[in-house]
Every structure is written in C-alpha cells, then in structure tokens.
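Chemist: Encoded as structure tokens, here's the structure I'll be asking about.
The values are calculated or read from the model by the stated rules, or taken from the named source; none is laboratory data. All figures in this text were calculated on a predicted structure; none of them were measured in a lab. Positions of Cβ are generated from backbone atoms using ideal geometry, with glycine treated the same way; all protein chains shown enter the neighbour counts. Heads up: the accessible areas ignore ligands, DNA and RNA and are worked out on the full protein's heavy atoms, side chains in. Shrake-Rupley method; radii C 1.70, N 1.55, O 1.52, S 1.80 Å.
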Amino acid sequence: MKKILGIAVIALAFASCGRGPAQTSFSGEVQTLKSPDGNLTLSVGLTADGTPAYSLDFGDRAVVLPSTLGYEFRGDKLNTTYEERSSKVYSDPVDFHSGFRIIDTATGSFDETWEPVWGEESSIRNHYNELAVTFSKRLGDREPKMTVRFRLYDDGLGFRYEFPYQGWELSYFVVKEELTYFRMAGDHTACWIPGDYDTQEYSYTVSRLSRIEAEQKAHVDYNASQQVFSPSGVQTALQMKTDDGLYINIHEAAVLDYPTTSLDYDAASNSFVTWLTPDAEGWKGRLQAPCTSPWRTVMVVDDARKALASRLILNLNEPCAIPDAAEWIHPTKYMGVWWEMIADRSKWSYTSEFSSVRLGETDYKNATPHGNHGANNDNVKRYIDFAAANGMDGLLIEGWNEGWEDWFGCQKFSVFDFVTPYPDFDIKMLNEYAHSRGMRLIMHHETSSSAINYERHLEDAYNLMNKYGYDAVKSGYVGDILPEGEHHYSQFMINHYHYCITEAAKHRIMVNAHEAVRPTGLCRTWPNMIGNESARGTEFKTGVLPNHVTILPFTRLQGGPMDYTPGIFEMDMRKLNPDMQVGPGDTPFISSTIARQLALYVTMYSPLQMAADLPEHYAAHMDAFQFIKDVAVDWQRSEYLYAEPGDYLVIARQAKAHAKCRANAGMDGHEWFVGGVTDENARDFSVSLDFLEPGRTYTATIYEDAPDACGLGTDAAFNPAYSIRKLTVTSSDKLEMHMAPSGGFAISIL
Ligand code: NOJ
Ligand code: CA
C-alpha cells in the first residue's frame, strides 16, 4: 500500500501540466553534435524544470530555438498492476515531459550507400552522426525511461522517442498528447495546407507564419472526408524559407503503428507543436514498450535545389524488407479506363436499376445496363490496343466490379467484395488479351473507406489478382472511415495501410493507394509501395493552382512518389462531356499547357507514371505523345538545375537500364530527360547541357509552349498550344527555354 500512496502523490503533483508554450532556455549541461560536414549543430539538454529540450543551428544561424520534448499520457492506462487499477493511482493526464534527469548518453556515426529498387538515382548515401540521450522520470517508486535518438545529417535532423522494454516501469501506455515543439527563429515564408485528420487534398497557401491563423479558414475547401482540427493547424511536410535564404522543412519519417502528426502553430511563441491524429475515442496512440515514435525531421539547406536532392526521409526508414524485390517490383507507365469516368463521360456503375446493392444477392445478370459503363469488354480492348501499341506497361480499369451503384456516401460496411466482375467485364479474356500484347492490367480496389471490410476480403482479392496475372493495384479510400470515428491518419488506419502493403508483398503485388495517409519514406522498406495520391492531383474537381506542382516536390513528394496522373492533352473537360456538371467553385479546365503536362513526367518523380488522357486525344497529337512514349520512369541520376518552391523547377534526369519495365527497356544511361514548370508567371531559363557525356552527340527533341500559349485556365488568353523542334546537341550546348504562364517544357535527349 505504501508503494501506491507514493505514486498517488506524484500523480497529483504532475496532473495539472497541460499544453504549454515552448520553453526558452537550457539549464545545466548541454550536449552538442555536429553534422558530418560541420554545418549543422544540435544541442540537447534539460530546461530548469527538467524538460528535455533541443535546438538546431546552421552555422551561426538559429534554425530551431531551444524547444521542448515529451508527452502527456492517459493516467488510467498506466495503472498496470491489479492494485493500481483498483485504486486508479494515476490520474489524467500524466506529465511525461518535465521532471526528467539524464541517465545516459551515447554517440556514434554511420555512413553507408544503398541502392533503391527504383528511385531518382541508383545509389543513395546515408551519412549521419548520432546522439542518443536517455531520460528518466520518477513516478512514485517507478522510474520510466525514454531515449531520444537524434540523427544529424548534412541536410537536416531526424529524432524520435524510443521506449525500451523496461518491465513494470512502463509497459502499456496511451498517448494523450505528444509535445514536440519546433520554435522558429523568424517569421518565415511557408508553403502550407490546413491541418486535417483526413485529407491533404488542398491547394498550398504561401504566407508568413504569422498569417496562418488569419488565412487558414479561407483555404479549406470541400473534400469527401475532412476534419480540420484547429484554425492554426497545418500539415507536414511544411516547407519554409527564411528571409536570409535558408530552406527549412518539418516532416516525419517512418510512421508505423502510431498516428500521423500535423502541426499547430502558436504565434505568441512562434512555435509549432506536434498534433497527432486522434482515434475514435480521442486518444493519440496506444503503445507498448519496446516501441518508438516516428522520426521528427527538420531539413535545413541553403539552396532549394538541395532540398529536392535530400534523401533525409528515405534514409531514416529501414532498409528493404522484401528480399526478392528486384525480381518483381518494376517501375510502370500506364494508361487507364479512368479519365473518362472522372470527366463523367462514362460511369463506374453498370445499371441505374438499383437504389442499393447487397453483394451476392443483387442480381446483376438480369439487370438492364444503363449503357454507359466504362469498363466493358470492347472499351477495355480498345484501350489495351492503344496502350500496348505505345509501349505502356499497364492499363488500369476502374468500375470493373459489382457494387458501384451505392458505393459513395452511404457509409456502407460491405460495399465491395473485390472479386466479382460486372457481367460485361470478362476478367479472364481481358487479362489474356493484355498479356498477349505484352502488358498487364492494373487492378482497382475502391474500399470506400470501409477498412475492416477490405481487410476481410483482402486475401481473396489478392489471390484473384494472382490468378489472372495482375501485379499492381490502385486502392482508394474515398469518404469517412469505417469504423466511425477513425480518421484517414489515425493509428488504426496507419496499421491498416501497412497491413495491405505487407500482405501485398507476400502476393508480389505493387500498391498505389489513393486518399491514404501521405507517405513518410516507407517505400524504402516496402518498395512495392509504388505510388500514393495523398495530395491534390490532376483529378481534383476545383483544379490545381499554377504554383501547385512547383511546391509538391518540396512537400508531399519528400515522403514518396505521387500518382499525380499527368499527360492531359484536352484541357477543357467539357469537350469530353458537354453535359458535365460544373459545380460552384469547380473548373472544367486543367490549368496547364500541353508542354507542361509533358514536363511533369520529369519534375514529379514517380516510378508509376500515368498517361492519363484518352487514346483519341493522344491520337490527335502523336507528335507530343512521343515524349510520353519515350520518357523513362526509373533513374540513374537527377540534376536539379533551377528550383524555388512556389515559383519554378527545372530538373534533368538520366535514365537507368531496367529490364523489367517497358518504358526503360533498351536504355543504357545515355538517355536524358529534362522538365521545367513555372507558376502563373512566364519565365525564361538557360539550360546548360553540361551533365551530358563529353564528346558524345545527342538528338534533343524540345517540346515547348507555343509563343502565344498560356496555361491559366481562368484567363481569356488560355491556350495550351505547343511547338516541337529537334537539335543535335553536345555537353557544351546551352538551350534557351521559355515557359508561358502555368506552362513548361520537356526535352528528350537521346
Ligand atoms: C478517388 C480516386 O482518387 C480516383 O482516382 C478514383 O477514380 C475514385 N476515387 C474512384 O475510386
Ligand atoms: Ca482522389
């Protein structure tokens, strides 16, 4: 009993601690660590009340001012013994951020070079110095431990909380709040999207940090599932620029069995604090030691191009967990029976007869088709013929399976079974037809966010894929998550997405999940994660802003590739369907020139690239389509020539030989592709070809905006026209390139 009383006193003493402002200074001994190149300095210590704190400097410039670390835990879950549980000695919340002492420190360094299965380059250096500080805190007669492991790279910092196995000191625990602060040294200019538990499909706002709270509400536009948690919340990756030219990015790496974090900004202290996604009961992580948090990352570089070249997030993930990955995972260029549904020209559904569907009971065989079902045998064969003739690896077909009549907005548990084709989709014949033409079909699983239903059907669904020879699936999570109260970014869903990826790997299946959580570098460990949406892409009905694709590579793409679906040639969607519904705030225009659509294959890195438009639109512009046919999807080396987030990007990439991918077949590394995109402003760039092999002669094909082109869909001058020229070039040439507003250029050098 004495033991329990001791704990009760402590619990009372710390129960009043809440989400406070960041501490401002260290007290006592401070440990420091330098990055391998000596430019970054990390300091770690305790504040006067025993709160762990860290700071980060770039040379003599402060990047993160002393900022505190720690947690609040749910009290009743710390009552692990029978006696504790019956007398509830720990009350809410338990302060696990102040009152610590340092019991151990360890340093080390690490330097390796690893080869990704696919990527922006063929090898990646992982070089850091490490400091692990172990803190302990007295809670009654227990003293739980927490290690904070810091890894300092030349381009930034990663740190995470680690809870080692420690018997009765700490075993099961529930997070009320993670209290990781990032106190900024200035009122930086940031590219941010509103903090949300369910979607990242927002346009970026570029503003001073001090403007976030005033502006955030106006930048929340509709999504099928969304929950903004605070008027000062923003999401990671958060890209900032200081007035003296440092580029700072806060994000996270390796989010596993833990909720996703956003950031909440406090103008008074100019600091961000982690804001984890709650579960259905409002708790923010159910943990069991040994365990770790995800890595918290602060990238800092003095040139925007270095931010694009940074592999901080990938490096903080574990090495590849799929021993035979290179045998079956392959970069993929694909088309889809898809854009015509997005444009509402054809439908995912088969019939208009059913107000609701019960899978296995509803009789589709005797239903009258509405006659506009996109995934019918003839239409699919037409796409296969075009895609195969033009070197595609795959063809996605959506709306192939029963259930689309009531899939959306019904919060229906048994929404799809993922194995029953509609009567006019002959799954065996179509797969054989595609295989006979040297390509594969890509499966589609719209879960409608009914996660448990999907897990119940997953094994059968993947077996069906194996049976017919599909090796890739696009999955989707439209609408609010079932079970109700969970979120797209909560721990439950993080575990769900991970389960799907690991099960897919067992079936040699590659996954491209839409509406799932934005990735955090897990594709290093699980390279069958070949794509994700998890940001506003081409399909978004209210359109994308001209600066969008100049920001995504600094933010969303830091965690992994995006299925952005470039390659639209017909920018007016009403041409696909004159009756297309254009709702308030929606736009029928893709705000882009054709040359810019081509550039995206280079600037938006992904091993999974779609040629998203319809075969007939490509057939009408075969000269421009040639670039999509030619462009590689896997790379030996990438050169970031010009970059400024929110303004422009010019990137050159060298192809990598990749036998398993049609797009790169026959390439040997002498092929280069260059892409440039700009925001709403026209821009000119000189592109020096000094990355080419000296002494070698190449043919450059330049796809550029026509002199009178304008990619601004809202503008009277809107005109996506392009022109093409061919030149013989060597490494000593320089190309003068012009980009129209919301335009771009693409160059193949073969
Ligand atoms: C949303 C996806 O992002 C989109 O690409 C897909 O076509 C629909 N869901 C239907 O699954
Ligand atoms: Ca989507």
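Chemist: Given a Förster distance of 45 Å, report the FRET efficiency between D49 and E484 from their Cβ-Cβ distance, rounded to the nearest 0.05.
Modeler: Numbers: r = 40 Å, r/R0 = 0.89.
The value I calculate is 0.65.
Chemist: Length gain on complete extension for the stretch K726 to R101, per 0.36 nm per residue less the alpha carbon to alpha carbon distance?
Modeler: Length gained between K726 and R101: 218.2 nm.
Chemist: Compute the FRET efficiency between R382 and E361 as 1/(1 + (r/R0)^6), taking r as their Cβ-Cβ distance and R0 = 35 Å, and round to the nearest 0.05. Present the calculation step by step, with values, prior to reporting the outcome.
Modeler: Details: r = 33 Å, r/R0 = 0.94.
Once rounded, the FRET efficiency stands at 0.60.
Chemist: Just flag the chymotrypsin sites (Phe, Trp or Tyr not before Pro) in region 112-191 sitting in loop per DSSP whose Cβ has no more than 15 other Cβ atoms within 10 Å.
Modeler: In loop regions of region 112-191 (DSSP not H, G, I, E or B), the sparsely surrounded chymotrypsin sites (Phe, Trp or Tyr not before Pro) are Y165.
Chemist: Is region 550-667 rounded, prolate or oblate when judged by the Cα gyration tensor, a ≥ b ≥ c being the square roots of its eigenvalues, rounded requiring a/c under 1.5 and prolate requiring a/b larger than b/c?
Modeler: Judged from the Cα gyration tensor, region 550-667 comes out oblate (a/c at least 1.5, b/c at or above a/b).
Chemist: Another question, then. Using the structure shown, list the pairs from K145/K284; K217/K333; K365/K575; K77/K412; K333/K734 with a Cα-Cα distance above 28 Å, or answer none.
Modeler: From K145/K284; K217/K333; K365/K575; K77/K412; K333/K734, over 28 Å: K217/K333; K365/K575; K77/K412; K333/K734.
Chemist: In straight Cα distance, which aspartates and glutamates are under 20 Å from K629, not counting same-chain residues fewer than 8 positions off?
Modeler: E120, D385, D393, D563, E570, D613, E616, D668, E671, E704, D705
Chemist: Something else: List the residues, sorted by chain then number, that are 5 or more residues from D563 or on another chain and whose placed amide H is less than 5 Å from its amide H.
Modeler: Residues meeting the criterion, in which the H sits 1.01 Å from N, are N532, E533.
Chemist: Which whole-angstrom value gives the distance between the alpha carbon centres of region 603-618 and region 36-113?
Modeler: One Cα centre to the other: 45 Å.
Chemist: Tell me the relative contact order for region 586-677 as a rounded percent, counting alpha carbon contacts under 8 Å between residues six or more apart.
Modeler: That works out to 30 percent.
Chemist: Going by alpha carbons, how many degrees (0 to 90, nearest 10) lie between the helix axis of 377-389 and the longest principal axis of the chain?
Modeler: Once rounded, one gets 90 degrees.
Chemist: What residues of region 37-77 lie in the reach of a label at D111, counting those whose backbone N is under 19 Å from a point 7 Å from the Cα along Cα→Cβ?
Modeler: In region 37-77, the label zone of D111 (backbone N under 19 Å from the point 7 Å along Cα→Cβ) covers 37-41.
Chemist: OK, next. Against the longest alpha carbon principal axis of the chain, how many degrees, from 0 to 90 and to the nearest 10, is the axis of helix 491-506 turned?
Modeler: 50
Chemist: In terms of the Cα gyration tensor, with a ≥ b ≥ c the square roots of its eigenvalues, is region 327-445 rounded because a/c is under 1.5, prolate because a/b exceeds b/c, or oblate?
Modeler: In terms of gyration-tensor shape, prolate.
Chemist: Follow-up question, since we're still on this one. Modelling each spin label as a point 7 Å along the Cα-to-Cβ direction, I'd like the D37/D244 distance in nm, to one decimal.
Modeler: Placing both labels 7 Å along Cα→Cβ, they lie 1.8 nm apart.
Chemist: If you find the alpha carbon centre of region 211-255 and of region 556-600, how far apart are they in angstrom?
Modeler: 24
Chemist: Per residue, what accessible area does the chain have, given a 1.4 Å probe and all protein chains present, in Å²?
Modeler: 35
Chemist: Mind checking the angle between helix 427-436 and the chain's longest principal axis? C-alpha axes, 0 to 90 degrees, to the nearest 10.
Modeler: 70
Chemist: Now for a separate question. Report relative contact order for region 399-453 in percent, whole number only (criteria: Cα-Cα under 8 Å, sequence separation at least 6).
Modeler: Answer for region 399-453 is 43 percent.
Chemist: Whenever you get a sec, compute what percent of the accessible area on region 336-484 sits on carbon and sulfur atoms (1.4 Å probe). Spell out each step's value before the answer.
Modeler: On the way: 2580 of 5610 Å².
Here carbon and sulfur together make up 46 percent of the probe-accessible area.
Chemist: Still on this structure: With each label point set 7 Å from Cα along the Cα-Cβ vector, what nm distance links T699 and D141?
Modeler: The two pseudo-label positions are separated by 8.4 nm.
Chemist: Shifting gears a bit: How far is it, in nm, from the label point at D257 to the one at R574 when both lie 7 Å from their Cα along the line to the Cβ?
Modeler: 5.5
Chemist: For a test of the definition: using alpha carbon positions, the gyration tensor, and the 1.5 limit on a/c, classify region 112-205 as rounded, prolate or oblate.
Modeler: Oblate is the answer for region 112-205, as a/c is 1.5 or above yet b/c matches or exceeds a/b.
Chemist: Run lengths n ≥ 4 of DSSP H only: what is the helix-derived mean residue ellipticity at 222 nm for the chain, with -39500 (n - 2.57) per run over all residues, to the nearest 500?
Modeler: Value at 222 nm, helices only, nearest 500: -4500 deg cm²/dmol.
Chemist: Which FRET efficiency value, to the nearest 0.05, do you get for A389 and E459 by plugging their Cβ-Cβ distance into 1/(1 + (r/R0)^6) with R0 = 30 Å? Display every interim value, and only then the final one.
Modeler: Working: r = 36 Å, r/R0 = 1.19.
It comes out at approximately 0.25.
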